[in-house]
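Trainee: Before anything else, here's the structure in question.
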Amino acid sequence: KFHKPLATFVNHMTQIWQDQRQLGIATVVWDVAMVLSTHLEMGAVELLGCPAVKLGAGIGLMGIVAALLGAHVTVIDRKVALEFCKSNVQGNLPPCIQPRAFVKEPTWGKNLGSFSPRDFDLILGADIIYLEETFTDLLQTLEHLCSNHSVILLACRIRYERDNNFLAMLERQFTVRKVHYDPEKDVHIYEAQKRNQKEDL
């Protein structure tokens, strides 16, 4: 089920372009992304001036919302999805805000050298833990991107045992807590930080 093409975030009408025939699930807005975007809009974290990165950008909705809320956000996804994502981001952000949103290509677990761990205070992910073969690369990417003060917000549905397995893997490296649950959409939002974050203070 596609979401309606128009949605309002941060008092800004957003045109959501979706085309499952073109790129499959990467070009569909899922409930999980809507819930996390609303969570951000409700002030879950301070985004004004915040350097943020969105993993698995898809159509770019969360990058758009984060930029509208004042973040300097980098959205990353596979090369095949980048042009679709870029057109959404550019088409939905006013010219004065567009410089705060960047679209880049790195693959999880690879090509991470262009990112310093201190580049980002906030790492966002929505519905990105459903493929078990990507778990190790995703964890490596999170470990690389996070400094001791970075916050990760991951939104997901717990559909299968493998989803719980990923959370268990995450808890071996990070302190994890559930910060929100949407019972209507059955979406969980987890916050994670490196266990040794106090050493950075």
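Conditions tested, residue by residue: (1) more than 22 Å from V10 (Cα to Cα); (2) out of contact with any Leu (no Cβ under 7 Å at 6 or more places or on another chain); (3) open to solvent by 50 Å² or more (accessible area, probe 1.4 Å); (4) of a type outside the set (V, I, T).
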residue	(1), (2), (3), (4)
S114	yes, yes, yes, yes
T141	yes, no, no, no
L145	yes, yes, no, yes
K185	no, yes, yes, yes
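Trainee: Has segment 166-179 got any residue that is modelled with pLDDT of 95 or more, among the acidic types (D, E) and either within 16 Å of V45 (Cα to Cα) or in a strand (DSSP E or B) (or both)?
Mentor: no
Trainee: Hey, does segment 38-51 have a residue that's at pLDDT below 90, hydroxyl-bearing (S, T, Y), outside any loop (DSSP other than H, G, I, E, B) and over 18 Å from Q98 (Cα atoms)?
Mentor: No.
Trainee: Could you check, for segment 180-190, whether at least one of its residues is touching a residue at least 24 places away in the same chain (Cβ under 8 Å), touching a helix residue (DSSP H, G or I) at 6+ places or on another chain (Cβ under 9 Å) and in a loop (DSSP other than H, G, I, E, B)?
Mentor: yes
The values are calculated or read from the model by the stated rules, or taken from the named source; none is laboratory data. Since the structure is predicted, the reported quantities are computational estimates derived from the model, not experimental observations. Don't worry about glycine lacking a Cβ; one is built from the backbone with ideal geometry, like all the others, and counts go over all protein chains shown. With ligands, DNA and RNA removed, areas are computed over all heavy atoms of the protein, side chains included. Shrake-Rupley method; radii C 1.70, N 1.55, O 1.52, S 1.80 Å.
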